[in-house]
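The values are calculated or read from the model by the stated rules, or taken from the named source; none is laboratory data. This is a predicted model, so every value here is computed, not measured. Glycine gets a Cβ as well: all are built from the backbone with ideal geometry, and neighbour counts include every protein chain shown. For accessibility, only protein heavy atoms count, side chains too; no ligands or nucleic acids. Shrake-Rupley method; radii C 1.70, N 1.55, O 1.52, S 1.80 Å.
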Amino acid sequence: ETIYVKQEFCHYGSLRNVIEIECLRGKKILHEELLCRILYHIVFALKTVECFMGDLCLDTVFLDADFNAKLYNFYKFQNPGHKKQKEIKMSQLGVMMFELCTLKQFLDSTYEAEIEKSNYTAGFKNLLVSIIKDKTEIKKHINKVLCNSTLLLMSTQWSKNKCFMDNFTEIETNQEVSSQYHHKLEKLRKKEACLHLKEQLLKERERKL
């Protein structure tokens, strides 16, 4: 008569808890690399999970002690208001990330201006706007998000000292960010080329075997 569900302990609670406790009370905003890490984890989870029931929002994504994003929902199957994964839109993910970035409620008439004046790189801003504008089912263009160069670069460069920053202070100038971004992007492209070459060599070996 009783079902026990084993769950992980999420130290930072939901993303809404992160906004209310870590950001608003501490007068901080999330570092861009942490935002990319969270976004990548969410998108990867949605790509690999068979079906995610319920709403995709700040209340259904949690962070553990290592800032790994975990998707949870506690909706009963007979709830007539629940949404199947195929009904979740890419724009819902965009709205959630907008609120996480700006710490403000989403408004269709002002979101682009709010994103533009935020202290993040142009590449991340463009990615966020494109996700918000995408009204299709979330799995339709999910690979484009996963393969986005800015997202890949930032999420892989993240470290625990890049979680929060002062709300009105940029850690680096735009020129420094741009220079570092292009340098890291070039290294990423070289790695991708090497991986592609190794893949071709493996295929050739398989063919000979």
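Side notes on the structure shown:
- The residues of segment 35-75 that are in a loop (DSSP other than H, G, I, E, B), charged (D, E, K, R) and buried (at least 16 other Cβ atoms within 10 Å of the Cβ), listed by number, are ASP55, ASP59.
- Every residue from segment 151-209 that is in a loop (DSSP other than H, G, I, E, B), at pLDDT 70 or above and open to solvent by 70 Å² or more (accessible area, probe 1.4 Å): LYS160, ASN161, LEU209
- Total residues in segment 1-54, condition among the small types (Gly, Ala, Ser) and in contact with a helix residue (DSSP H, G or I) (Cβ under 9 Å, 6 or more places away or on another chain): 1
- LYS104 vs. criteria outside any helix (DSSP H, G or I) and more than 19 Å from LEU58 (Cβ to Cβ): no
- Within segment 11-60, the set of residues being touching a residue at least 12 places away in the same chain (Cβ under 8 Å) and β-branched (Val, Ile, Thr) comprises VAL18, ILE19, ILE29, ILE38, ILE42, VAL43, VAL49, THR60.
- Taking the listed residues GLN105, GLN92, the one that is polar (S, T, N, Q), open to solvent by 90 Å² or more (accessible area, probe 1.4 Å), modelled with pLDDT of 90 or more and within 19 Å of VAL129 (Cβ to Cβ) is GLN105, with no other qualifying.
- Subset of segment 5-26 (residues that are open to solvent by 100 Å² or more (accessible area, probe 1.4 Å) and either at pLDDT 90 or above or under 14 Å from LYS162 (Cα atoms) (or both)): PHE9, HIS11, ARG25
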